[in-house]
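The values are calculated or read from the model by the stated rules, or taken from the named source; none is laboratory data. Fair warning: this is a prediction, and the values are worked out from it, not measured in the lab. Because the Cβ atoms are built from the backbone with ideal geometry, glycine has one as well, and the counts that use them run over all protein chains shown.
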């Protein structure tokens, strides 16, 4: 059988389609971000939970159309403010998320790791599980795919930078 360019393209196209549709799913859920989606299918959320003793939390939600909401939760009340991002700002945020390799990062950073040098020159890795400290949850939903990452102790740094830029922009827009 002689392979023509058209047949080769069709087989190659079928392979990529099957790879994206079937290999990237488990139990009907996408395991990796989709290659194509509508901007309207983007949802970004950020939840800051302060130390339980402080009783002050806030959350930010942003949809692909730029509509967003900032909610400040204090001990006895919640204050809601709406804001609007431009399409360009949403796209810049998405590009920053992809540049940080967000979708490849671990889902949680609740261990604080460090190394110490013992008297015999042996390097020992120590891990401290952090409980009852402030945490941040940053979630991205692209169509049917959703990934959330819990940030603690300013890690991972590249995501913390994106979060700080998002929070600063939202705070400017909601003042």
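Looking at segment 121-132, is at least one residue touching a residue at least 60 places away in the same chain (Cβ under 8 Å) and either in contact with a strand residue (DSSP E or B) (Cβ under 8 Å, 6 or more places away or on another chain) or more than 17 Å from residue 33 (Cβ to Cβ) (or both)? Checked segment 121-132: at least one residue is touching a residue at least 60 places away in the same chain (Cβ under 8 Å) and either in contact with a strand residue (DSSP E or B) (Cβ under 8 Å, 6 or more places away or on another chain) or more than 17 Å from residue 33 (Cβ to Cβ) (or both). When segment 82-117 is filtered for residues that are part of a loop (DSSP other than H, G, I, E, B) and at pLDDT 90 or above, the ones remaining, listed by number, are 85, 86, 100, 101. Of the residues making up segment 52-85, just one is under 18 Å from residue 164 (Cα atoms) and loosely packed, with under 12 Cβ neighbours inside 10 Å, namely 84.
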